[in-house]
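**Student:** What follows is a single structure, and I will ask about it in a moment.
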Amino acid sequence: MVNAGDMNGSGNLMDFLDEPFPDVGTYEDFHTIDWLREKSRDTDRHRKITSKSKESIWEFIKSLLDAWSGWVVMLLIGLLAGTLAGVIDLAVDWMTDLKEGVCLSAFWYSHEQCCWTSNETTFDDRDKCPQWQKWSELLVGQSEGASAYILNYFLYIMWALCFAFLAVSLVRVFAPYACGSGIPEIKTILSGFIIRGYLGKWTLLIKTVTLVLVVSSGLSLGKEGPLVHVACCCGNFFSSLFSKYSKNEGKRREVLSAAAAAGVSVAFGAPIGGVLFSLEEVSYYFPLKTLWRSFFAALVAAFTLRSINPFGNSRLVLFYVEYHTPWYMAELFPFILLGVFGGLWGTLFIRCNIAWCRRRKTTRLGKYPVLEVILITAITAIIAYPNPYTRRSTSELISELFNDCGALESSQLCDYINDPNMTRPVDDIPDRPAGPGVYSAMWQLALALVFKIVITIFTFGMKIPSGLFIPSMAVGAMAGRMVGIGVEQLAYHHHDWIIFRNWCRPGADCVTPGLYAMVGAAACLGGVTRMTVSLVVIMFELTGGLEYIVPLMAAAVTSKWVADAFGKEGIYEAHIHLNGYPFLDVKDEFTHRTLATDVMRPRRGEAPLSVLTQDSMTVEDVETLIKETDYNGFPVVVSKDSERLIGFAQRRELILAIKNARQRQDGVVSNSIVYFTEDPPELPPNSPHPLKLRRILNLSPFTVTDHTPMETVVDIFRKLGLRQCLVTRSGRLLGIITKKDVLRHMAQMANQDPESIMFN
């Protein structure tokens, strides 16, 4: 049982105190906040500041500072999130290349940076320069041959294992909450749940360091999801510096919503997409002012990352692309097919990953997280190295798959047979027959696709920071690029077919395989996360072209429809349910015809409800009740006979009030009468001094009648963010319904285990 209303009135919580006692209004770990009470407290605080601001210039300045504190917090979040993202990008770039070789002129340079500074690099061999040496060249003086290949292979695996072992050890020892994506937990926290330490300073530090290590190790995971967690840690840190946010859990969650937007902004270089992601996917309560502040935080974060310029191309992400060829109506069919593939991949991934994670939780496998990470890393490195498309970092792979084949491209995917008589501008190269390099690349991509699909299922959910955006996009981009090359070759060799005749004449640049890769990436990411609007905007901001919004929308909507046909849950909701977090999803529908009386406690045959009376219990009686029960609050009634409801008192505040009264008010002893009324009860002479606790009593707890449909009760819990509501009939108290009871009932109605809701 937990409190659902606001604390009655403002000011002192106990009549004998001049100021509120410490820790009042705070919550225990793994408990749900009361949105109504937090809102009421903030209104009282604001009213107090406004009235004081008319008293003096200093109070007026303080009121201005209070009003601007929200924008200051957003500025600080944007600056720190952008800086951390830039540092992570630079470190990942260097450490990924460290697995293959080292720069002799400056060991802290990545391969690309090393060859930028070289004067001996030719255009044809722009990836080769004397300053950059592979490990085989450095150790045995050979760059070619079987021995050099085996040595490079061995050192690649060793570096990967070293990075992964260091990451999982740091997480295990210093910050267990730094593992995983973080988005399921952040969704739960934003819905009002308290997980102490999840957004702490240690978590921020360890997650930032280990994120670099795991992405560099070559595991099939991304940094984009964990960057949202990192940004929310920044938001939590800065909100703790301002009492407006540190003392109000509801206000703190507004800051965290904006921080999530900043995280996506720096992850994808998409400030608007970040705001929409926070609104659509993460946030539970998103008022209009949070929208503006999210936009500002995302803008500052993107600007900071742009100033750092981690990729040296003045772009915020590695896989930014621009296309010059329009798309045609006939291409909508393969785009929709990619949407279907994305939906099917999303369903397959969610089911297999949840089954594996459940197995991990319920078997001995979960007891050896370090061994699991080492094993998966070893398998990934051994299989990935021989294939050039899995050896490189996933972001580089996506970048190559998205790219349009210009005249300057040296990739295997651009090994087309050129017409020697061609005289066209370089950005408008006509469709050409595929060369041997393209066919070879198609085989390698097909193998890489199968490998990515399988290994990602086992990688996501291990005890290391692991994002899902990039692996999902890579799966879609590989499938899309292969489809794109297939359509391109079909159009080239059969341009007289009726579907190609109108838009693909010989010598024209009709099909852009890179666009198919981008549409495939959007489809697969949508299938896994069930994002729609924010996904399309993120992908549109990646390409910088409005022209491709319709293909992206078609793929995203198809992907969601197909995936929803097999199950409504996205990967984050599935992990929330797997972990038993008390999350009431707004998207879920409750259609069962049950009543409040079917769900409320106590049930028939159970002990009666534990209540306080308004003026007939002693301090000892209250302390005994608190000691013998673990409820988080108690209804207050006129008497146990009448059961007329007066209000609701929180357990934590009762404990604090009695403790403070014993310390600071003379005459309060174990047999002192506790009363919640305005006037003290009539007591016999020589009775100990009574204790008045009216100020901690919520006089307007939320109540429903016993015949209220559960559909309405569920809606009330979702929209008002209640912790509990009391059930009455004609003013008499019958029982109580907590958020946990609602979740348990919903699980029961869906034929699931009601005890899977683990937390309060």
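The values are calculated or read from the model by the stated rules, or taken from the named source; none is laboratory data. Being a predicted model, the structure only gives us computed values, none of them experimental. Cβ: placed from backbone, ideal geometry, glycine included. Neighbour counts: every protein chain shown. Heads up: the accessible areas ignore ligands, DNA and RNA and are worked out on the full protein's heavy atoms, side chains in. Shrake-Rupley method; radii C 1.70, N 1.55, O 1.52, S 1.80 Å.
**Student:** Over the range 78-308, with the other protein chains present, what is the accessible area per residue in square angstrom, probe 1.4 angstrom?
**Tutor:** Averaged over the residues of the range 78-308, the accessible area is 38 Å².
**Student:** Among the trypsin sites (Lys or Arg not before Pro) in the range 287-372, which ones are in a DSSP loop with at most 13 other Cβ atoms within 10 Å of the Cβ? Mind listing them? List each step's numbers first, then the result.
**Tutor:** On the way: sites: Lys289, Arg293, Arg306, Arg315, Arg351, Arg358, Arg359, Arg360, Lys361, Arg364, Lys367; in loops: Arg315.
Sites meeting the loop and neighbour criteria: none at all.
**Student:** Let me ask another. Which pairs break 22 Å Cα to Cα here: Lys187/Lys251; Lys659/Lys739; Lys187/Lys223; Lys463/Lys587; Lys99/Lys361; Lys99/Lys223?
**Tutor:** Numbers: Lys187/Lys251 16 Å; Lys659/Lys739 29 Å; Lys187/Lys223 18 Å; Lys463/Lys587 29 Å; Lys99/Lys361 33 Å; Lys99/Lys223 19 Å.
Those over the limit are Lys659/Lys739; Lys463/Lys587; Lys99/Lys361.
**Student:** Moving on to the next point. Between Leu595 and residues 5 or more places away or on another chain, which pairs have amide H atoms under 5 Å apart, with H built 1.01 Å from N, and which residues are they?
**Tutor:** Long-range HN contacts for Leu595: Met710.
**Student:** As a check on your grasp of the helix formula, calculate [θ] at 222 nm for the chain: sum -39500 (n - 2.57) over DSSP H runs of n ≥ 4, divide by the residue count, round to the nearest 500.
**Tutor:** Calculated mean residue ellipticity at 222 nm is -17500 deg cm²/dmol.
**Student:** Something else: Excluding Ser265 itself, calculate the net charge of residues whose Cβ lies under 12 Å from the Cβ of Ser265, where each Lys or Arg counts +1 and each Asp or Glu counts -1.
**Tutor:** Net charge around Ser265: -1.
**Student:** Whose amide H sits under 5 Å from the amide H of Leu734, counting only residues 5 or more places off or on another chain, with H placed in the peptide plane?
**Tutor:** The list, which skips near neighbours in sequence, is Val727, Thr728, Arg729.
**Student:** Over 17 Å apart: what share of the alpha carbon pairs of the range 500-617 falls there, rounded to a whole percent?
**Tutor:** When every Cα pair of the range 500-617 is considered, 72 percent fall beyond 17 Å.
**Student:** Straight-line reach from Lys54: which lysines fall under 21 Å, measuring Cα to Cα and dropping same-chain residues less than 8 apart?
**Tutor:** Answer for Lys54, where 21 Å is the Cα cut-off: Lys62, Lys244, listed by chain and number.
**Student:** Count charges around Asn309 for me, please; just the other residues with Cβ under 14 Å from its Cβ, Lys/Arg as +1, Asp/Glu as -1.
**Tutor:** Details: positive: Arg306, Arg315; negative: Asp89, Asp93, Glu112.
Taking every other residue near Asn309 into account, the sum is -1.
**Student:** Which order, highest average first, do 137-148, 728-739, 81-92, 590-601 follow once you tally other Cβ atoms within 10 Å for each residue and take the mean per peptide?
**Tutor:** Descending packing order for the listed peptides: 81-92, 728-739, 590-601, 137-148.
**Student:** How many angstrom lie between the C-alpha centres of the range 515-541 and the range 295-353?
**Tutor:** The range 515-541 and the range 295-353 have Cα centres spaced 6 Å from each other.
**Student:** Could you tell me the convex hull volume per residue, in Å³, taken over the Cα atoms of the range 78-308?
**Tutor:** 134
**Student:** Can I ask one more? If Lys and Arg each add +1 and Asp and Glu each add -1, what is the summed charge of the other residues whose beta carbon sits under 11 Å from the beta carbon of Thr728?
**Tutor:** That works out to +1.
**Student:** So, one more: Size of the dipole of the chain about the Cα centre, Lys and Arg at +1 and Asp and Glu at -1 on the beta carbon, nothing else charged, in debye to 20?
**Tutor:** Charge dipole of the chain: 1680 debye, to the nearest 20.
**Student:** Taking just the C-alpha trace of the range 596-750, give me its Rg and Dmax in Å.
**Tutor:** Over the range 596-750's Cα set, Rg and Dmax evaluate to 16.9, 60 Å.
**Student:** Sticking with this structure for a sec: Order of 260-273, 38-51 by packing, highest average Cβ count within 10 Å first?
**Tutor:** 260-273, 38-51
**Student:** Let me ask something else about it. Summarise the accessible area of the range 184-272 (1.4 Å probe, protein heavy atoms) by the percent that is carbon and sulfur.
**Tutor:** Answer for the range 184-272 is 64 percent, counting heavy atoms of protein chains only.
**Student:** Of the options Ile272, His575, Thr529, report the single residue whose Cα projects farthest towards the positive end of the charge dipole of the chain (beta-carbon charges: Lys, Arg +1; Asp, Glu -1).
**Tutor:** Among Ile272, His575, Thr529, the one farthest towards the positive end of the dipole of the chain is His575.
**Student:** Compute the separation of the alpha-carbon centres of the range 657-709 and the range 128-191 and state it in Å as a whole number.
**Tutor:** So the two Cα centres are separated by 61 Å.
**Student:** State, as an integer percentage, the relative contact order of the range 596-750 based on alpha-carbon contacts under 8 Å between residues 6 or more apart.
**Tutor:** Contact order relative to length: 26 percent.
**Student:** Once you have the alpha carbon radius of gyration of the chain, what is it after dividing by 2.2 N^0.38 Å, with N set to its residue count? Numbers along the way, then the final one.
**Tutor:** Details: Rg = 30.5 Å, N = 760, 2.2 N^0.38 = 27.4 Å.
Taking N as the residue count of the chain, the ratio is 1.12.
**Student:** Out of Ile626, Trp35, Leu305, whose Cα points farthest toward the positive end of the dipole of the chain (charges: +1 Lys, Arg; -1 Asp, Glu; placed on Cβ)?
**Tutor:** Ile626
**Student:** OK, next. If you average the sequence gap of Cα pairs under 8 Å that are 6 or more apart and divide by the length of the chain, what percent do you get for the contact order?
**Tutor:** This gives 17 percent for the chain.
**Student:** Okay, moving on. Could I have the simple spin-label model distance between Gln748 and Lys640, label points 7 Å from Cα toward Cβ, reported in nm to one decimal?
**Tutor:** 2.7
**Student:** Right, here's the next one. Give me the base-10 log of I(q)/I(0) for the range 168-279 at each q in 0.12, 0.13 Å⁻¹, Debye formula, one uniform scatterer per Cα, rounded to two decimals.
**Tutor:** Result of the Debye calculation: -0.39, -0.46.
**Student:** Also: What part of the accessible area of the range 596-750, given as a whole %, is carbon or sulfur when the probe is 1.4 angstrom?
**Tutor:** Using a 1.4 Å probe with all protein chains present, the range 596-750 comes out at 46 percent carbon and sulfur.
**Student:** Right, another one. At q = 0.22, 0.23, 0.27 Å⁻¹, what base-10 log of I(q)/I(0) does the Debye formula yield for the range 334-407 when every alpha carbon is treated as an equal point scatterer in vacuo?
**Tutor:** -1.11, -1.11, -1.10
**Student:** Taking amide H positions as placed in the peptide plane 1.01 Å from N, state which residues far from Ser466 in sequence (5 or more) or on other chains have amide H under 5 Å from it.
**Tutor:** Distant-sequence amide H within range of Ser466: Gly180, Ser181.
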